[in-house]
Structures are given as structure tokens and as C-alpha cells.
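This report refers to the structure that appears directly beneath it.
The values are calculated or read from the model by the stated rules, or taken from the named source; none is laboratory data. Source: prediction; values computed, not measured. For neighbour counting, all protein chains shown are included, and Cβ atoms are generated from backbone atoms with ideal geometry for every residue, glycine included. Heavy atoms of the whole protein, side chains included, go into the accessibility calculation; ligands, DNA and RNA do not. Shrake-Rupley method; radii C 1.70, N 1.55, O 1.52, S 1.80 Å.
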Amino acid sequence: MHHHASLTANLPSLSLASLFQAAAGKAWARTRPTRAYHRTSVRAEGVVHSTLRTVHRENDDATEIGGPSTSASPNPAAASPSLHDCRLRVPSSVPHFAVSPLGHQAAPLAADAGTNAVQASPCPAPSHSPRRNFVTPVNVESLSPGDLVSDYDNQPLSSAYESDPPWEEIRDSVPEWLLPRIHLHRHPIPKQFASIPEPSTWEELLANLTLAATAESPPSLGQLQSYHASHRALNSTASFNLLIRMAIRNASFGTVKYLLGHMVREGIPGDLETRTLRVRCMVRTGFWRRAWREELVRERTDGVGMPLPVWLEFFGDVKRGAILSRPVNQGGGRAKAKGMVPLLPPDHSVSAGRVNALLQHPPLVTQTDSEKVPPRVVYAVVRSLVALDRQQAAIALTTSYFQSLPHELDAEWRRGCLSIIHLCLKPGRRRALSEHYAARATLLGFLRMHHSFLPSSTTLFFLLQSLRYSRRCGERAEAVAQSFAKRWGPDIVDDAVRRRIASYWIKQGNIPRAQQVCEVQDWLDEQRVGWRAEKEVIVGDSFKDRARRLRWLDLHRAPRKTKIQRLWRMVRRRLRRAQVRRS
């Protein structure tokens, strides 16, 4: 009740606060427990030594205790008490435990109640008030089982607030903004993953690591590293390469250095993939020049050209926000400031010089690569050209590559070509509607170059990016999405496309239409929860899902569910703010 009184005391209405305070005080006074005070009362005890009456003569009147007395006590034990007896205290609130250690002398002392305790006591009366001692010495061996039961154990509890004020009516009469709010903090439940089976060969160890790394809820990198270290006799180059790929993907570059050093200490030789991963790590941590010099020295030493996978890694750039470094002075040295800044990609001039150096130093191309140029080679070059704002050169290179494609393409090849098309859909610097029409014409021209090219939801998402600065962006984006869905099916509109359309509707000012798009997304999310649970129980992780997660290890930035959910929360927050402004 004090809790309710303290909560209501801060209310701005004095009458309501007074009502709560009076009700709380009344309920507390009626239901408060009886308190037991440790006081020494000789009235309640008939076995207390007479010297106690002498000590407490100032507090308790002797005439009320034993009456007047003029004769001395004939009991020598009463006439010569010990110092311990003079300080004995027996609290009256616990009668069952008031057992004096002088129990054999209790009867003579009770019969001789008319003796004068003041004259018989050899203990000198203290000149000041005695020090209260709240400790009662008890002989546990002399207690009976009944003495261990308290009088308050069998007392019935009082009825709980039968005549209290109507709390529910009072709470309903108080405005909601005056009531105390309770915030529930839900702690996230850690993800559980199945235990990894024990391998017997190095192939089984590699397969177990691959299955664990591509699971829906994979274990952490540290857990996989501990599992790999526990089977040191089965470690191989392929297993180390898989852990290094995961470490680079998670921006754990210190783990990459440790794994490479561990391979050297254990005498495990590296291969072409290990060399490629090492260059990837150095490029993403800002050591591009050092890696390039080392590869040129190795090329001159071995007398063999640079392999194509290693050459492609030099088209990468720094992992944005993953590395913190000290700022560099104008003289080239490190600054003395304690602040750390994130390592950013180089300037356009530096990137352009690197691209020119790579194009002037072609890699070693094998017979298989000469017969079928991998899409990742063209993708790396086009990506660098687009980053340097050389859009026309990127489109020309993509066109010449698509003209040399064979008639039949497998799924992986088609997916690589579609990724190259997505790079060419990046809008230019002009914030005009003409950029959208130019990107749409480029897309349709690329799709007509091969019969197996089909756009995806990602294609539509990048195409709608050019409508951001148009006046009627929401209306135009929905018209483009409807035309694509009518031609290539409704699956081309996914969550990202709906989120961009809803964002454009909010920007245009059509709040009801944006609300409709968000309601459709909410309904799909509810349906998708049940579908995912059913798929996990019946089907589980398919080979296609695991292969896609394995490809994500090589991407510079892979899609994440948490990022998509965060972007949807931002759109809904913007929608709520717009609705509040309208209301």
C-alpha cells in the first residue's frame, strides 16, 4: 500500500492524491502486522532473578513487582549472583524462549518474593542507564519440541482489503497519461544449433563444417574454430580455407592472420584458394599496394603469370566501417590523436590508377577460361568502371560480352549475367526523370540480347531507384511494378520492392496508399511465419538454400534479414509520423 501511496503522491491533482494517501494509510493501519519489540518486562516473567529487578529499578517500579521488603534474602545463591546474571535480559515478546540458565534456582527465588532485592544484591547500582542487550542466551538442549513453535504460526491472516476504496473505478477515472507506465524488456533468446557430429576422416570434417556454416541458424565462428581445433589430426587445407572465408566475411581479420599462421606452424601447405583469400584479406584491410607488390615479386620469382582468381581480388576495395585506424598526417605519418576513424575506400583518382594497372597487367588465362570467360571477370571490371562514374564504358563492355555468349546458359551463368545488368542500372548524377527512362531502355536492351535473360525482383528494385527524385515517385513506381508483374509474373514484386513503393508513397504524400502497402506486407509476414515453420519441420534446409548461403561467403556485402526488418521499421515509423501530422 505504501507503494500505491508513493505512486499517487506525485499526481498533479491534490484532491486525488489526498484520496489515495488517506486510502493507503487506512488500509495499512488495518492490515499492518503486529511488531514484537525486544523489551524486558519482569511482570510477564516469574522466574527472573532478583538482580534484574535491581538493574531495571529506574524503568520498572519495585512496588509493582514484589512489594516493599525489609529483610535480606536467606538464599546465598540470590545474595551472590555472578556478573553474567546481572546482565541477563529476557524479552517478553517471546515467552516460550524465556528460559533462564539458573532454572534450578527459580523456585526458591519465586517463593522468596518478599525479600529486599536492593539490600541483598552485591552488584553495585550503575551510575548511568544500563546498556540494553537484545540477545537472549538459550540452552538449546533443554528446549522441548513445543518451545520451537511460535504463537504467530497458527494465527489466521486478516482478510485482504474488504472495505477498501474502489481501486478499479479510481484507476478508470484517472487520465491514462497520469498513470504509471510499465515497460517490459524482452531478453533475446540465444539461437540453438544442433551438435556437430564427430568426424573420422578429413572429408567428413570438411562436410560437417560446411553443413554447420550454411545452416539456417549457424554457430559462431569461434565455435566452428574450436570444433576444427579439437580434431587437429584431420585438419586439411580445404577446412582452413573454409574458416578463412567465414572470418573474412565476418570482418574478423585477426582470426584470418591466426589461421594462416597456424597453417604455417602445423606444416599444412596452402593452395590457390589460400593465396586468393590472403590477397582478399589484405585488400579489404587497406593493404592493396603491399599485396600488389608481393604478387608481382612472386610472379617474377616463379616465372608464371598471376592467376585469374588472384587478379580479380584486386578489383575489390576496403570493407567499409570494419577497420578503425589512426588518421594520417600530411607528412604520411600517423597522428598522435587518440581518436580512431573508420578506414574508408580510396579516392577516385587512386581507384582509377589501380584499374589501369590491372588492365595493363592481364592475368594468366587457362584454356578453360579462354573458351568461356567467367561472368565474375566482367563483373569485377564493370563494377570498377561504374564506381569511377564511367557508365558508358561499362555498358559498352557489357554489350560486347553478351554478344559473345553461347546459345545455352546454365543457371549460374545466367545469374552472373543478371548481376552485371544490375550494375549498369545505377542512375547517374542527374536527378531527372530522364535517368529513369535511360535505365529502363538499357535494361530492356540487355534482356533482348539473350533469350534466357529474365529479370528478377532485384532488377525491379534497382530500376525503381532512379525514380527517387521524381515528383510523382509513388504513382510512377507502382505503375512500373504493375507492368513488370503483368509481363513476368507477380513474384517479381518482393518485400524490398514493396518497401520502396511504400516509401515513395509516403514521400509523395499519399498516406492511405502507403498504409495499404504496409498492410499487405503485414499479412504476408504472418502467412510466411507458418510456411517457414512447416518447411523447417517437413523439408528442412534444401540444397539450394545451403548453396546460396555458401555463395554469400564470397560476396562483399551479403543480404541480412535484420537489415531488411530494420528498413521496414523505418518505413512504418515514417508512416506513423505522417499520420500524426495529418491528424
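Points worth noting:
- Lys, Arg +1 and Asp, Glu -1 on Cβ, resulting dipole of segment 393-464 about Cα centre, debye, nearest 20: 420
- Subtracting the Cα-Cα distance of Ala357 and Asp389 from their residue separation scaled by 0.36 nm leaves 9.7 nm.
- For Leu364, residues with placed amide H under 5 Å, excluding near neighbours: Met306, Leu308
- With each label modelled as a point 7 angstrom along the Cα→C-beta vector, the Val529-Arg300 pair spans 6.4 nm.
- All-pairs alpha carbon distance profile, segment 206-270, 5 Å steps from 0, percent: 3, 17, 33, 28, 15, 4, 1
- The Cα-based radius of gyration of segment 405-457, divided by its Kirkwood radius, gives an Rg/Rh of 1.04.
- Per residue accessible area in Å² of segment 408-452, where ligands, DNA and RNA are left out and the probe is 1.4 Å: 56
- Fully extended contour minus Cα-Cα distance, from Glu266 to Glu198, at 0.36 nm per residue: 22.3 nm
- Taking N as its residue count, the alpha carbon Rg of segment 249-312 over 2.2 N^0.38 Å: 1.14
- What the Cα convex hull of segment 347-462 gives, in volume per residue, is 110 Å³.
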